[in-house]
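Read the figures in this text as sums done on the coordinates, not as results from a lab. Just so we're clear, the structure is a prediction, and the values are computed from it rather than from any experiment. As a convention, Cβ positions derive from the backbone with ideal geometry for all residues, glycine included, and neighbour counts pool all protein chains shown.
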Amino acid sequence: MPYADHCFDAAVSTQVYEYVADIPTALAELYRVVRPGGRAVILDTDYDSLVIHTEDEARMNRVLTAWNQHFVHAGLPRTLSGQLRDAGFMIRRRDVIPMFNPEYHQNTYGRGLLSIIASFVVGRENVSQEEADGWLAEFAELGKHGKFFFSLNRYLFVAEKLVAR
């Protein structure tokens with residue numbers, strides 16, 4: 001990063017590290033730019049925690065397999081505590097933030113993410129535009145019948161750079 005050593009009191013990363021290939025190097029850089037006693041707050045999603053009700057499991061599997069190409073580390077939160085410690089940080093707090101939408105509504109996280117997924121998967125794993133549109137339309141239909149269900153976990157890590165390493 002183009003910053004001097006120890007120049008930040010705090011750093012925040014939201015949904016970034018899941019896209020970074022070299023996590024140890026990225027966390028070493030984070031450690032370098034945070035001052036001793038400073039904090040790092042990281043929020044990332046474990047996409048294996050994604051639970052969506054469907055009545056077409058085969059299509060869901062194709063779509064989600066294609067979606068997994070979107071990440072370098074779809075399950076990063078499972079290893080992040082150890083990697084933060086390896087970088088020199090002390091873990092101060094960890095929390096799970098469930099993104100839970102048991103109903104299909106316009107302004108929900110689930111509906112928004114499903115639209116992003118549908119856009120991304122077209123042309124991957126043999127998912128056509130028609131199939132992605134059908135996958136997305138299924139959720140509106142499930143919502144009309146009270147059968148929509150979406151859940152995904154995000155994980156929050158608060159780490160501190162110790163004064164002496």
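Here are some notes:
- Val20, sole failed condition from (1) closer than 27 Å to Leu162 by Cα; (2) touching a Pro at 6+ places or on another chain (Cβ under 9 Å): (2)
- Contact annotation: residue pairs with Cβ atoms under 7 Å, 6 or more positions apart or on different chains, pairing a residue in region 35-60 that is surrounded by 14 or more Cβ atoms within 10 Å (Cβ to Cβ) with a partner that is of a type in the set (Asp, Glu), are Arg35/Asp9; Gly38/Asp9; Arg39/Glu160; Asp44/Glu18; Thr45/Glu18; Thr54/Glu138; Arg59/Glu131.
- Among the residues of region 124-157, those identified as surrounded by fewer than 19 Cβ atoms within 10 Å (Cβ to Cβ) and under 22 Å from the mean Cα position of the chain (by Cα) are Arg124, Glu125, Leu136, Phe149, Ser151, Asn153, Arg154, Leu156.
- Residue ID - surrounded by the fewest Cβ atoms within 10 Å (Cβ to Cβ), chosen from residues in region 4-34 that are in a helix (DSSP H, G or I) and aliphatic (A, V, I, L, M): Ala28
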